[in-house]
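Comments concern the structure below.
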Amino acid sequence: MSQTKEIKVVLLGVSGVGKSSLLYRFVENDFQEKGQPTLGAAFQSKTILIDGKALKFQIWDTAGQEKYKAILPLYYRDAKVALLVYDVNDLQSFEGVKEWFQQLQDQGPIDQIRVIIGNKCDLEQNVSDNMAEELARQYNANFFKTSCKENLGVQETFIQIGERVFKEQLIEENRKSNTENVNSTLKIGPQNPNSKQHQNKPFCC
Ligand SMILES: Nc1nc2c(ncn2[C@@H]2O[C@H](COP(=O)(O)OP(=O)(O)O)[C@@H](O)[C@H]2O)c(=O)[nH]1
Ligand SMILES: [Mg+2]
């Protein structure tokens, strides 16, 4: 089997939206009605297969409380994927996602994959899908809805993130090999601009 690719993922969002529950559902496929508040940050990993290729998610779960805000750049700065979680029942938590986008635009890595997750979709919805879709468009992010309680959309979200990771990797590899090809073509091209070969070449545009 080919080598396992590893990526760092960070869970962000205000307290109580279900970040720890998402991690628990994804890794242990279980749910706790009364979760414990996360202190600082916690880490867990899980490997899944996507089209036969192994992808290891190293997931950092952060605490949403204000007092931990100062340490969060340590976790998102080198994360390939940021999961911005809100509670579909709680409009205020969606404002938290907007604030996170601002902060990541200012201080996060440029090539980070950003994903909006509307959790608790088993509850009454007070944030419309339109609002989340619009935000996702604005920031070139993905948008998924999940319920950790009912086990809806969690595994699917991680699979789709993995597919995007491999797709971007392929694009990057193609771009690199194209650049290498162009460089080697340039090396064997005419070195003297006045050479006959150069003069006879049809000029384009
Ligand atoms: N109804 C419902 N409750 C959830 C869901 N996910 C998490 N919760 C509950 O929401 C509360 C906060 O969850 P937690 O994972 O600790 O949130 P965090 O502070 O963002 O890590 C807990 O009581 C969870 O049981 C969900 O999908 N549906
Ligand atoms: Mg937590």
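With an 8 Å Cα cut-off and a minimum separation of 6 or more residues, compute the relative contact order for the range 5-162 in percent.
26 percent
Based on DSSP H assignment, which helices of the chain show an axial Cα extent of at least 30 Å together with a mean Kyte-Doolittle hydropathy greater than or equal to -1.0?
Span-like helices in the chain: 154-188.
Quick one: of the DSSP bridges fully inside the range 5-162, what percent are antiparallel, nearest 5?
Counting DSSP beta bridges with both partners in the range 5-162, the antiparallel share is about 35 percent.
Show me the ranking of peptides 60-66, 130-136, 114-120 by mean Cβ neighbours inside 10 Å, starting with the highest.
Going by the mean number of other Cβ atoms within 10 Å, highest first, we get 114-120, 60-66, 130-136.
Once both labels are modelled 7 Å past Cα along the beta-carbon direction, what's the LYS56-LEU74 spacing in nm?
Label at LYS56, label at LEU74, 2.2 nm between them.
For the chain, what does -39500 (n - 2.57) per DSSP helix run (n ≥ 4), summed and divided by total residues, give at 222 nm, in deg cm²/dmol to the nearest 500?
-12500 deg cm²/dmol
For the range 5-162, just say rounded, prolate or oblate: build the C-alpha gyration tensor, square-root its eigenvalues into a ≥ b ≥ c, call rounded for a/c under 1.5, and beyond that prolate if a/b exceeds b/c, oblate if not.
Judged from the Cα gyration tensor, the range 5-162 comes out rounded (a/c under 1.5).
Where a number appears in this text, it was derived from the coordinates with a stated rule and is not lab data. Treat the numbers as computed from the prediction; the structure is a model and nothing was measured. Neighbour counts are summed over all protein chains in view; Cβ atoms, including those assigned to glycine, are modelled from backbone coordinates with ideal geometry.
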